[in-house]
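No value in this document is a laboratory result; all are computed from the given coordinates. This structure is a prediction, so every number in the text was calculated from the model and none was measured. Note: ideal-geometry Cβ built from the backbone for every residue, glycine included; neighbour counts use all protein chains shown.
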Amino acid sequence: MTTRALGDLPGEALDGKRALVRVDFNVPLKDGAVTDDARIRAALPTITYLRERGARVVLLSHLGRPKGGPEPKYSLRQVVPTLERLLGAPVDFITDLAAGVAATKRLPRGAVALVENTRFWPGEETNDPALAASFAALGDFYVNDAFGSAHRAHASTEAVARLLKPAVAGFLMQKELTYLGETLADPKRPFIAVLGGAKISGKIDVIEALLPRCDEILIGGAMACTFFTALGFDMGTSLVERDRIDMAKGLLARAGKVLILPRGAVVAPSLDRAAERREVSSDAVPKGWAVFDIDQATRVDFRARLARARTIIWNGPMGVFETPPFDAGTRAVAEGLVQAGAKGAVTVVGGGDSAAAVAGLEDKLTHISTGGGASLEFLEGKPLPGVSALESA
Ligand code: ADP
Ligand code: MG
């Protein structure tokens, strides 16, 4: 089933109409200013397309985790100057939903308004139909371009899409659905997944979903330590999820040759004693030391496997990449994706930290998903409420 997309709507459905667009402007802020505008830039293709076709654009987003009421530090007003700069146009700011209806009707064709943080209204996170109706009154049709919020059934992502029609996917949303969806549905083989990060707990379902589909799953990060503990190795003071060891045993038993664990690790007594780091094989982590990265032998092994792949999906860093030199394994895998991509492989990266780890490589990878939790749930094969509520093509 494909989702109806913005590009499918005829010109007359847009011209002069109020487009209510759910975007993901959940951006990092410091002292009231946006420190990374990537998420705002990612929404520009949809906003620009609408403006150029004479629509009046009304934007909805959440920001941070306010506790069910207005909090200045989570006000989207802080985003207005950045948005105005990127659009090269003024942006109306709407704080009152009832009064906002008239304001949206006064907007000239091609103009843009931004509504205050959707989570300032208590009904947002409970998917309240009454709040959704107040949102719906701000538009003549609905566009969801917030893939990163699509795994949550909230008033601005789910209930509103059931009230306001047409309800379609924006270009960013469409791109996510295409790459993540097609990658999984019909991968060119060999199809390799690389999984890492801190925990297996949040990713068990992803491993379960990928196991029957992938030719190989390369495991790195602290996640590998839980698997090694399940095999009976002592992982020192490494991050191990004791309560997931049985689960890890079960996966290993079923995975056969598909799960590939690291040959060895870079270990150190602690993160701030990196100078003492050394490489050990995975069954020889010294007592009191911890694993912080995959070792050189594993990097070579993983890169050789990736070089043969025609589809690669990657989630989760191979080590504590925020703290060099423990970023080397993650960088090696990133290079492996870039190299495979240069030979025609489809390369997809999902996850918040993983996306940060490949910053600057956007042009050399097929797709970097903007949705952390949402891309994981999508990979698990779960329906995303914010997508299910849109119309089918
Ligand atoms: P993503 O956000 O891409 O889904 P995760 O949040 O699952 O990724 O994992 C990222 C985190 O995992 C990073 O903060 C990284 O420092 C941590 N991590 C990776 N390897 C290790 C390790 N060996 N020990 C401790 N933390 C690790
Ligand atoms: Mg993360």
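Observations
- Count of Lys pairs (Cα-Cα under 23 Å; at least 8 positions apart or interchain) in region 179-379: 11
- Stretching A102 away from D234 to a fully extended chain increases their span by 41.0 nm, per 0.36 nm per residue minus the current alpha-carbon distance.
- Helix-only mean residue ellipticity at 222 nm for the chain, each DSSP H run of n ≥ 4 adding -39500 (n - 2.57), per residue, nearest 500: -9500 deg cm²/dmol
- √(5λ) per eigenvalue of the Cα gyration tensor, region 179-379, largest first, Å: 25, 19, 15
- V21 long-range amide H proximity, modeled H, under 5 Å: V58, L59, L60, V143
- Cα gyration tensor category, rounded, prolate or oblate, for region 132-216 with a/c compared to 1.5: prolate
- Amide H contacts of L259 (H built 1.01 Å from N, under 5 Å, at least 5 apart or other chain): I217
- Pairs of C-alpha atoms in the chain farther apart than 34 Å represent 35 percent of all such pairs.
- With Cα atoms, 0 to 90° folded angle of helix 38-52 axis to the chain main axis: 30 degrees
- Tilt relative to the chain, helix 245-255 - C-alpha long axis, 0 to 90 degrees, to 10: 80 degrees
- Computed from Cα atoms, the angle from the helix 97-106 axis to the main principal axis of the chain rounds to 70 degrees.
- Segments 81-89, 324-332 sorted - mean Cβ within 10 Å per residue, highest first: 324-332, 81-89
- Couplings for region 258-267, taken from phi via the Karplus curve 6.51 cos²θ - 1.76 cosθ + 1.60 with θ = phi - 60°, read 6, 7, 10, 8, x, 5, x, 9, 8, 10 Hz in order; Gly and Pro are left as x.
- R0 of 22 Å, Cβ-Cβ distance E362-K188: FRET efficiency to nearest 0.05: 0.55
- For region 230-241, backbone phi angles converted through the Karplus equation (6.51, -1.76, 1.60; θ = phi - 60°) give residue-by-residue couplings of 4, 7, x, 7, 8, 9, x, 9, 4, 5, 10, 8 Hz, Gly and Pro being listed as x.
- Lysine pairs within region 6-172, Cα separation less than 21 Å, 8 or more sequence positions apart or different chains: 5
- Simple Cβ-charge dipole of the chain, Lys/Arg +1 and Asp/Glu -1, about Cα centre, in debye nearest 20: 420 debye
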